[in-house]
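S.K.: The structure is given below, and queries will be raised subsequently.
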Amino acid sequence: MRSARSAGSVDVKLLELLVCPFTYGTLKYDAEKNELISERARLAYPVRDGIPIMLVSEARQLPEDD
């Protein structure tokens, strides 16, 4: 059974447990782009089919002014 509390297709409880694999810092969910954002690392990790892809090699580099 899916949690009624979810951020888009990502479970909120899961998001609370995840950290950036590069900095071990907190992540912010961007529902519009369906990504987990690490502001400290300036990386955006994609979420595909509700599964966060927590690989630095799969992350998108964020522009400095974003």
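No lab work stands behind these numbers, since they all come straight from the coordinates. Everything numeric in this text was worked out from a predicted model, so none of it was measured. All Cβ positions, even for glycine, are placed from backbone atoms using ideal geometry, and neighbour counts span all protein chains on display.
S.K.: As an exercise, use a Förster radius of 30 Å and the Cβ-Cβ distance of residue 32 and residue 58 to find the FRET efficiency, rounded to the nearest 0.05.
M.R.: 0.95
S.K.: Okay, moving on. Just to be sure I understand the curve: with the Debye formula and one point per C-alpha of the stretch 6-61, what is log10 I(q)/I(0) at q = 0.19, 0.23 Å⁻¹?
M.R.: Debye intensities relative to I(0), on a log10 scale: -0.54, -0.81.
S.K.: Now a separate question. At R0 = 22 Å, how high is the FRET efficiency between residue 40 and residue 12 if r is their beta carbon distance? Nearest 0.05 is fine.
M.R.: 0.55
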